[in-house]
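Some notes on the structure that comes next.
The values are calculated or read from the model by the stated rules, or taken from the named source; none is laboratory data. The model shown is predicted, which means the values in this text are computed figures rather than measured ones. Note: ideal-geometry Cβ built from the backbone for every residue, glycine included; neighbour counts use all protein chains shown. Note: areas computed on protein heavy atoms with side chains; ligands, DNA, RNA excluded. Shrake-Rupley method; radii C 1.70, N 1.55, O 1.52, S 1.80 Å.
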Amino acid sequence: MTTLFISDLHLDPSRPAITDLFLRFLREEAPGADALYILGDLFEAWIGDDTPSAAADAVADALKVLSDSGVPVFFIRGNRDFLLGEDYARRAGLRILPDPCMIELYGRPVLLQHGDLLCTDDIPYQQFRAQTRDPVFQAQFLSQPLEARIAFAQKARDASQARQSEMKQGDRAQFETVTDVAPAEVEATYVRHGVDTMIHGHTHRPAIHTLQAGGRSCTRIVLGDWYEQGSVLRVDANGWTLDALSRA
């Protein structure tokens, strides 16, 4: 049996082929799994469980079918869908996990997280993250009319895109450093949690890294995004493979 890990699907009405690819994955591969873990950014944006979305409805229905069939589906909120709440989770059969979260995976302790907490060199983002994870901020935001939330989300997205564009036009090496994990934080995370295996997404840099942390050999698995194709980590008792899924 195999446990599946995915993240950063960024499902959005503008990219229906990726939603179709995910729905096919849920129908054809996921039913044979021990479990499915979605490590954040399932959706490109999420401004509340009351947001009307045919794509989100179809995804919820498919996930619920999978969950009801006996495959547990776990979810860690990402930086795009941190407002995904218990109402949608119930509809989709999702079990929401804290970020980070420790699990036992075929006898091995593994730390799961979305991954943005590791990007500590991006100080403005970390400040924004702290603000938007505040329960008071979230309650105030979700109490606003849908139109106001949509406008706020669009403004935030435009500001983020403008900042990234400005950074790319400047020092490209600095952009790559700031938007990737900070090595010191990665090592500190291994030591803090006492693990030697970590799985995360967020950076859109799929790879399996081997490194030294706390005097031990450690493995950091980075999941890929689903902008142009799928990305899935398959883990069983014998090891892991990180593969791309074609839209064809």
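Summary of values
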| item | result |
| --- | --- |
| Verdict on residue 209 being at pLDDT 95 or above and either aliphatic (A, V, I, L, M) or outside any loop (DSSP other than H, G, I, E, B) (or both) | yes |
| Index of the failed condition, residue 113 passing every other in (1) under 23 Å from residue 42 (Cβ atoms); (2) polar (S, T, N, Q); (3) modelled with pLDDT under 95 | (3) |
| Selection from segment 225-248 of residues that are aromatic (Phe, Trp, Tyr) and more than 16 Å from the chain's Cα centre (by Cα) | 240 |
| Scan of segment 60-87 for residues that are open to solvent by 10 Å² or more (accessible area, probe 1.4 Å) and not in a helix (DSSP H, G or I), ordered by number | 69, 70, 72, 74, 77, 79, 80, 82, 83, 85 |
| Single condition residue 136 does not satisfy, out of (1) loosely packed, with under 12 Cβ neighbours inside 10 Å; (2) within 23 Å of residue 104 (Cβ to Cβ) | (2) |
| Within segment 192-220, tally of residues that are closer than 17 Å to residue 78 by Cα and of a type outside the set (D, E, K, R) | 8 |
| Single residue of 232, 222, 178 found to be of a type in the set (A, V, I, L, M), in contact with a helix residue (DSSP H, G or I) (Cβ under 8 Å, 6 or more places away or on another chain) and at pLDDT 95 or above | 232 |
| Count of residues meeting criterion [farther than 16 Å from residue 105 by Cα and either of a type in the set (Gly, Ala, Ser) or surrounded by fewer than 23 Cβ atoms within 10 Å (Cβ to Cβ) (or both)] in segment 197-231 | 23 |
| Pairs where the first residue, in segment 134-152, is within 16 Å of residue 81 (Cα to Cα) and modelled with pLDDT of 95 or more and the second is open to solvent by 50 Å² or more (accessible area, probe 1.4 Å) and not in a helix (DSSP H, G or I), C-beta under 9 Å, 6+ apart | 142/50 |
| Odd one out for residue 214 among (1) closer than 17 Å to residue 188 by Cβ; (2) in contact with a strand residue (DSSP E or B) (Cβ under 7 Å, 6 or more places away or on another chain); (3) among the small types (Gly, Ala, Ser) | (2) |
| From 118, 112, residue being surrounded by 15 or more Cβ atoms within 10 Å (Cβ to Cβ), of a type in the set (A, V, I, L, M, F, W, C), under 24 Å from residue 200 (Cβ atoms) and in contact with a Cys (Cβ under 9 Å, 6 or more places away or on another chain) | 112 |
| Checklist (1) in contact with a helix residue (DSSP H, G or I) (Cβ under 7 Å, 6 or more places away or on another chain); (2) at pLDDT 95 or above; (3) over 21 Å from residue 206 (Cα atoms); (4) not acidic (Asp, Glu) applied to residue 9, failing item | (3) |
| Tally of residues being open to solvent by 40 Å² or more (accessible area, probe 1.4 Å) and closer than 20 Å to residue 186 by Cβ across segment 232-243 | 2 |
